[in-house]
Amino acid sequence: MTDNNNAFELYSQRVREYTDAFAASKGHRPRAFVRTFGCQQNEADSERLRGTLVFLGYEICESEKEANCILVNTCAIREHAEIKALSVIGQYKHLKNADPTLIIGVCGCMGAEKHRTDQLKNSYPYVNFSLPPASDAMLPEALYNAIKRKRDFTRLESVAETPDISPVRTDKSKAWVSIMYGCNNFCTYCIVPYVRGRERSRPFADIVREVETLISEGYKDITLLGQNVNSYNGGCTFAELLYRLAKLEGDFVLRFMTSHPKDVTPELIEVMASCDKVAKHFHLPLQSGSDRILKAMNRRYDREKYLGHVNALRAKIPDIAITSDIIVGFPGETEEDFAATLDIIRTVRFDMLYSFIYSPRKGTPAAEMEEQIPKSVQNERFDRLLALQNSISEELNYSSVGKTLRVLCEGGSKTDSSVLCGRTDGNKLVLFDGTAKAGEFIYVNITDAEPYALHGKQI
Ligand code: 5AD
Ligand code: SF4
């Protein structure tokens, strides 16, 4: 056993003694609430944190107000995400005033940033501890210290070994499966390699076992997660892992995210084309259409290489949905660079784009670059990009009218309970009339479209 495992066992036992005593005196188990910001990886990490809390004798509750312990799982990818999390943490001061025994812990990417943990320690005296991402292994010790009223802001590095805890999943038909953690790529704008550490792949056999269990439990939509899923190397390549999982018995769809264009292989495209259970959707972040900016971003591909992947995917899988991420206003981006981005967007015609205004991240090379782009220029370019993509999405959506698409039903629509809603392989929202239940795959005849959704009838 390693030191990490020993500490986990020891402190778990101590926390369980506390939660048992709490339950004996109060008549209910202590309640824990986990608030999540950020990406799917964070959603998956929160499910593991909830699993660890249950293992430690907590019960999971649905709101901060009834909680004896609140964990805030934060995101650091852009400044806006950090400010939002800090503002929510700020609101918890009143809860702590009302109940001084309330434990408040900050987990996730902000928990790996020295300047943020210093800020939490010094300016948020009611926060008990901070922990880096993927930190379920350290949670028992942090909680034990909090129970003993000792504040703890010393852990900044995310660890590879995590205990074998079952996550508490929030959805009954969709599941996240982390297959690798961390990133080795050091794109110059990105904080992820600093806060999530180097790449660690989970062993192949563990992933197969987890997916088999999910299928037997009735999960229909399984997403393999990692900062760079296609650089997976836990005993086989990513293409081999996907192939093996797609051959499992059952009625389910496999997705994966996020991929790096430098690791797209002909084998991966082949597996996607030949396996029915792999969703015909590729999320392939482009970031910029300018070779000069791609180089400054340290992306290790150029426009031509990216377009080569798009063509190869469409040649093998004509109906594939391709989506992407774009950063607008990276340091030094000229009008000409930006025009190259608009141009490649017109060429590829992405099914959906997630676009972001560049946000300088402390400690990354791009934050130190000269020629930071003024906010007004960034905003103006961002609006132009959005307008272009909206017109493309609208055209693509209208061209779906008359087609029959496979949809995973998610249940009644949030805005109109008389219609059902679901998602296509390409993750497009479909609102439809029908009789399907949540978690069922059905086919929908598309009768109408708008920029953000398709409408239709179940057949
Ligand atoms: N500023 C803006 N967007 C960023 N992303 C990553 N870092 C930054 C940053 N500093 C975007 C990239 C990435 C997505 C998850 O977030 O487009 O693919
Ligand atoms: Fe960030 Fe680049 Fe790693 Fe993606 S590949 S997490 S953008 S450093």
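The values are calculated or read from the model by the stated rules, or taken from the named source; none is laboratory data. Quick caveat, the model's predicted, so the values are computed rather than measured. Cβ coordinates were reconstructed from backbone atoms using ideal geometry, including for glycine residues, and neighbour counts include every protein chain displayed. Areas reflect the complete protein model, heavy atoms only, side chains present, ligands, DNA and RNA absent. Shrake-Rupley method; radii C 1.70, N 1.55, O 1.52, S 1.80 Å.
Rounded to the nearest 20, the Cβ-based charge dipole of the range 162-211 about its Cα centre (Lys and Arg +1, Asp and Glu -1) stands at 80 debye. The magnitude of the dipole of the chain, with charges of +1 and -1 set on the Cβ of Lys/Arg and Asp/Glu and taken from the Cα centre, is near 840 debye. Over the C-alpha atoms of the range 286-399, the Rg to Rh ratio, Rh being the Kirkwood estimate, stands at 0.98.
Nearest 5 is fine: what % of DSSP beta bridges in the chain come out antiparallel, could you say? Bridges in the chain are about 35 percent antiparallel. Couplings 3J(HN,Hα) of the range 255-261, computed from phi: 10, 8, 6, 10, 10, 10, x Hz, in residue order, whole Hz [Karplus 6.51 cos²θ - 1.76 cosθ + 1.60, θ = phi - 60°; x for Gly and Pro]. Cross-linked pairs K172/K403; K295/K414; K262/K457; K174/K295; K172/K305: Cα-Cα separations exceed 32 Å for K295/K414; K262/K457; K174/K295; K172/K305. Of the residues A453, Q91, I442, the one whose Cα sits farthest toward the positive end of the charge dipole of the chain, with +1 on the Cβ of Lys and Arg and -1 on the Cβ of Asp and Glu, is Q91. Relative to the longest principal axis of the Cα atoms of the chain, helix 335-348 runs at roughly 70 degrees. Helix 79-98 axis versus longest C-alpha principal axis of the chain: approximately 30°, rounded to the nearest ten. Between the listed residues G402, Q372, S391, the Cα displaced farthest toward the positive end of the dipole of the range 317-459, a dipole computed from Cβ unit charges relative to the Cα centre, is found at G402.
Excluding ligands, DNA and RNA, the accessible surface per residue across the range 171-279 is 38 Å² with a 1.4 Å probe.
Rounded to the nearest 20 debye, the dipole size of the range 404-458 about its Cα centre is 120 debye, using +1 on the Cβ of Lys and Arg and -1 on the Cβ of Asp and Glu.
Compared with the alpha-carbon gap, the fully stretched path from E79 to R349 is longer by 94.3 nm at 0.36 nm per residue. The alpha carbons of the range 356-428 stretch over 52, 26, 22 Å along the principal axes, in descending order. State, to one decimal in nm, how far the label point of E9 lies from the label point of D276, with both points 7 Å from Cα in the Cβ direction. For the pair E9/D276, the computed spacing is 4.7 nm.
Working from label points 7 Å from Cα in the Cα-to-Cβ sense, the K295 to T101 distance is 6.3 nm.
The protection proxy used here, the mean number of other Cβ atoms lying within 10 Å of each residue, ranks peptides 91-102, 253-264, 128-139 as follows, highest first: 128-139, 253-264, 91-102.
When the Cα positions of C109, C61, I320 are compared along the charge dipole of the chain, C61 comes out farthest toward the positive end, with charges on each C-beta of Lys, Arg, Asp and Glu. With only the Cα atoms considered, the chain has a convex hull volume of 157 Å³ per residue.
Among the cysteines of the chain, C39, C61, C69, C75, C107, C109, C183, C236, C275, C409, C421 have no other cysteine beta carbon within less than 4.7 Å of their own. Ratio of Rg to Rh for the range 171-279: 0.97 [Cα atoms; Kirkwood radius as inverse mean 1/r over pairs]. As a rough guide to protection, the peptides 297-308, 43-54 ranked by mean Cβ packing within 10 Å, highest first, stand as 43-54, 297-308. Take the Cα of N379, go 7 Å toward its beta carbon, and the backbone nitrogen atoms of the range 64-106 under 17 Å from that spot belong to 79-80. Over the range 1-106, accessible surface divided per residue gives 46 Å², non-protein components excluded, 1.4 Å probe. Straightening the chain between N122 and L429 buys 106.1 nm, computed as 0.36 nm per residue apart minus the Cα-Cα spacing.
Placing a pseudo-label 7 Å from each Cα along the Cα-to-Cβ vector at K93 and A24 gives an inter-label distance of 3.8 nm. Taken over the range 25-137, the convex hull of the Cα atoms encloses 97 Å³ per residue. Mean separation of Cα pairs under 8 Å and 6 or more residues apart, divided by the residue count, gives the chain a relative contact order of 10 percent.
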